[in-house]
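Worksheet: the structure to be examined is printed underneath.
The values are calculated or read from the model by the stated rules, or taken from the named source; none is laboratory data. Keep in mind the model is a prediction, meaning the values are calculated, not measured. Using ideal geometry, Cβ is built from the backbone for each residue, glycine included, and neighbour counts are taken over all protein chains shown.
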Amino acid sequence: MRLTPEQIERFDRDGYLFFPGLFTPQETRTLTEAVPALYARREAYNVREKGSDAVRTNFAAHLYSEPFAKLARHPRMVQPVQDLFGERLYMHQFKINGKMAHEGDVWQWHQDYGTWKNDDLMPTERAMNVAIFLDDVNPFNGPLMFIRGSHKKGVLDAKHDLETTSYPLWTVDNALIGQLVERGGGQGTFDADGRYVPGGIISPNGPAGSMILFHSCLVHASTSNMSPWNRVSVYLSLCAVGNHIRRFKRPEYIAHRDFAPIDCLPDDCLLTDYPVDLPWKDGMPASALVTSTEPIDKLEVAA
Ligand code: SIN
Ligand code: MN
């Protein structure tokens, strides 16, 4: 899939691009059906909601689950990002976020690049976030929200929140959020038929199989899911190979250490048998839990 000049311009202006229904229901089903078995595992890579057994986020499924290993090499996702960066990509992070019916908790306002810079020493913002909906996303099941154009502000001041939810996050304070929303278009309005026209906060809603590409400095959040519908989505981060992280402060299942460029599979890979490498199929290696606060000096980066 290639981006048009108009899409490239829109990405630069708004900080995201939305592709409703990019993956067919049949393709998406191959992924959704694999999720319950992954979530049932009692492993460090399954982070559960505070005070609940519901999975908040599952990490690194592309290393031990065949359908997700294929998704991680899908040309409909990798190609446009590679075109935007003009460089080959490696997988920096791979998550399947639950946001389960009645249980899914909030994700506070944050930028992802702030964490990658502070924790992982990723040199620049040349990494793209991708969201792929495995369930329909509507206004009630905790959809992702963006502050339009907030990526233009670069890396913002953030505070390390270790308390609000079960997952630590570098969050942006309310005063700054207010300013960014105002700058992005304010509160929005209503048209002549009473329909809401968004201003500075927008929220792409769409069927399962939809994809969003969003800038690593775009400020985003989501509310809790009080609806009776799950909102399972894959979030992955594709980083330009030359921009790989320089520190292994977080476990390898959260911030990956294999900087080899992704080789795409054919476009029909989700519905066809293609051999994929599953290095953690028989369990996560102990080395994946080893962390260090020291920067890495010399790394062999696969070209
Ligand atoms: C994230 O920002 O990493 C997750 C947001 C969400 O699942 O709504
Ligand atoms: Mn995020």
| Does the range 222-237 include one or more residues that are basic (Lys, Arg), surrounded by 13 or more Cβ atoms within 10 Å (Cβ to Cβ), at pLDDT 95 or above and more than 16 Å from ligand 1 (Cβ to nearest atom)? | no
| remark: Counting only residues that are under 17 Å from the mean Cα position of the chain (by Cα), more than 16 Å from ligand 1 (Cβ to nearest atom) and under 24 Å from VAL55 (Cβ atoms), the range 238-269 contains a total of 1
| message | Can you tell me which residue is surrounded by the most Cβ atoms within 10 Å (Cβ to Cβ) among those in the range 274-287 that are among the aliphatic types (A, V, I, L, M) and modelled with pLDDT of 95 or more? | response | VAL276
| field | Matching residues in the range 165-190 - criterion: being away from ligand 2 (no atom under 14 Å from the Cβ), within 29 Å of THR57 (Cα to Cα) and not small (Gly, Ala, Ser) | value | ASP173, ASN174, LEU176, ILE177, LEU180, VAL181
| request: Starting from residues that are assigned to a strand (DSSP E or B), in contact with a His (Cβ under 9 Å, 6 or more places away or on another chain) and farther than 20 Å from LEU22 by Cβ, keep the ones in the range 103-129 and report whichever is nearest to ligand 1 (Cβ to nearest atom). | output: TRP107
| Of the residues that make up the range 51-65, is at least one surrounded by fewer than 19 Cβ atoms within 10 Å (Cβ to Cβ), among the basic types (Lys, Arg) and not in a loop (DSSP other than H, G, I, E, B)? | no
| message | Being hydrophobic (A, V, I, L, M, F, W, C) and modelled with pLDDT of 95 or more is true for just one of LEU271, LEU299. Which residue is that? | response | LEU271
| If only one of PHE68, PHE94 is in a helix (DSSP H, G or I), in contact with a helix residue (DSSP H, G or I) (Cβ under 6 Å, 6 or more places away or on another chain) and either within 16 Å of ligand 2 (Cβ to nearest atom) or aromatic (Phe, Trp, Tyr) (or both), which one is it? | PHE68
| message | Only one of LEU31, LEU3 is of a type in the set (A, V, I, L, M, F, W, C), touching a helix residue (DSSP H, G or I) at 6+ places or on another chain (Cβ under 6 Å), in contact (Cβ under 8 Å) with a residue 24 or more places away in the chain and more than 23 Å from ILE147 (Cα to Cα). Can you tell me which? | response | LEU31
| Which residues, taken from the range 150-165, are surrounded by 16 or more Cβ atoms within 10 Å (Cβ to Cβ) and under 22 Å from GLY104 (Cα atoms)? | THR165
| said: Any residue in the range 52-69 that is on the phi > 0 side of the Ramachandran plot and at pLDDT 95 or above sitting within a Cβ distance under 6 Å of a residue that is in a helix (DSSP H, G or I) and charged (D, E, K, R)? List the pairs, counting only those 6 or more apart or interchain. | reply: none
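The rows are residues; the columns are (1) buried (at least 20 other Cβ atoms within 10 Å of the Cβ); (2) hydrophobic (A, V, I, L, M, F, W, C).
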position	(1), (2)
TRP170	yes, yes
GLN187	no, no
TYR196	no, no
GLY200	yes, no
PRO204	yes, no
LEU218	yes, yes
| query | Which condition breaks for ILE147 when tested against (1) surrounded by 24 or more Cβ atoms within 10 Å (Cβ to Cβ); (2) within 12 Å of ligand 1 (Cβ to nearest atom); (3) more than 22 Å from ALA54 (Cα to Cα)? | reply | (2)
| request: Show the residue pairs that are 6+ apart or on different chains and have beta-carbon atoms under 7 Å apart, the first residue being within the range 147-164 and free of Cβ contacts under 8 Å to residues at least 40 places away in the same chain, the second being loosely packed, with under 14 Cβ neighbours inside 10 Å. | output: LYS159/ASP173
| note | The one condition LEU213 fails out of (1) within 16 Å of ligand 1 (Cβ to nearest atom); (2) among the hydrophobic types (A, V, I, L, M, F, W, C); (3) out of contact with any Leu (no Cβ under 9 Å at 6 or more places or on another chain) is (3)
| query | Has the range 103-114 got at least one residue that is modelled with pLDDT of 95 or more and either β-branched (Val, Ile, Thr) or farther than 27 Å from LEU180 by Cβ (or both)? | reply | yes
